[in-house]
Amino acid sequence: MDKIVLGILIFLVLANFLSFSVMLYDKNLARTSQRRISEGALFFLAIFFGGLGIYLGMFTFHHKTRKWYFYFGIPLILFQNFCCLVLFYQIIKGTCFLTG
């Protein structure tokens, strides 16, 4: 496996673990009626390749599942993340149709 691909995989695992952990932390803050993590921060984590962690955290902890913009937005962000990763991989391998 390429070192670049391995680095990307490690980054994805760490980003999604962080996102999943933040969802758990926010859920615990919600249970104890403390100041919460903003929804914007959760979307920020999802956009920067932590979408899978946010999505899994939503349904594991039953957190933010009633918000329509999370219910529909996070899967759309996951799709965007996947497309970006495929494009990035093709650019690295030199097989991208966009680079000529």
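Counting other beta carbons within 10 Å of each Cβ, put VAL22, VAL86 in order, fewest first. Kindly include the intermediate steps, with their values, before the conclusion.
Working: VAL22 18, VAL86 11.
Ascending Cβ contact count within 10 Å gives the list VAL86, VAL22.
Based solely on its DSSP helices, what 222 nm [θ] is calculated for the chain when runs of n ≥ 4 H residues each add -39,500 (n - 2.57) and the sum is averaged over all residues, nearest 500 deg cm²/dmol?
Values: 4 runs with 72 residues, N = 100.
Value at 222 nm, helices only: -24500 deg cm²/dmol.
Treating the angle as unsigned and between 0 and 90°, give the value, to the nearest 10°, between the Cα long axis of helix 68-93 and the longest Cα principal axis of the chain.
20 degrees
Starting from the 7 Å offset along Cα-to-Cβ, what nm value, one decimal, do you get for the label separation of ASN28 and CYS83?
Here the answer is 3.7 nm between the modelled labels.
Angle between the Cα long axis of helix 51-60 and the longest principal axis of the chain, 0 to 90 degrees, nearest 10?
30 degrees
What's the Kirkwood radius of the chain in Å, using all Cα pairs?
Details: mean 1/r = 0.0687 Å⁻¹.
Taking every pair of different Cα atoms in the chain, averaging 1/r and inverting gives 14.6 Å.
At a Förster distance of 25 Å, what's the computed FRET efficiency of PHE97 paired with PHE48, Cβ-Cβ distance as r, to 0.05? List each step's numbers first, then the result.
Numbers: r = 26 Å, r/R0 = 1.02.
Between PHE97 and PHE48 the formula returns 0.45.
What is the distance, in nm, between label points placed 7 Å from the Cα along the Cα-to-Cβ direction at ILE8 and at SER21?
In this crude label model, ILE8 to SER21 measures out at 2.5 nm.
Cut-off 10 angstrom, C-alpha nodes, Gaussian network model of the chain. Which of ASN16, ASN28, ASN81 fluctuates the most?
ASN28
How about the stretch 20-100: which trypsin sites (Lys or Arg not before Pro) there are in a DSSP loop, with at most 10 other Cβ atoms within 10 Å of their Cβ? All intermediate terms of the calculation are to be shown ahead of the outcome.
On the way: sites: LYS27, ARG31, ARG35, ARG36, LYS64, ARG66, LYS67, LYS93; in loops: ARG35, ARG36, LYS64, ARG66, LYS67.
Passing both the DSSP loop test and the Cβ count: ARG35, ARG66.
Using Cα positions and a limit of under 20 Å, work out the lysines in reach of LYS3, with same-chain residues fewer than 8 apart set aside.
Counting by Cα, and skipping residues close in sequence, LYS3 has these lysines nearby: LYS93.
All of the numbers you see were taken from the coordinates with simple rules; none came from a lab. Predicted, not measured: the structure shown is a model, and the values here were computed from it. Reconstructed Cβ throughout: ideal geometry from the backbone, glycine too, with neighbour counts over all protein chains shown.
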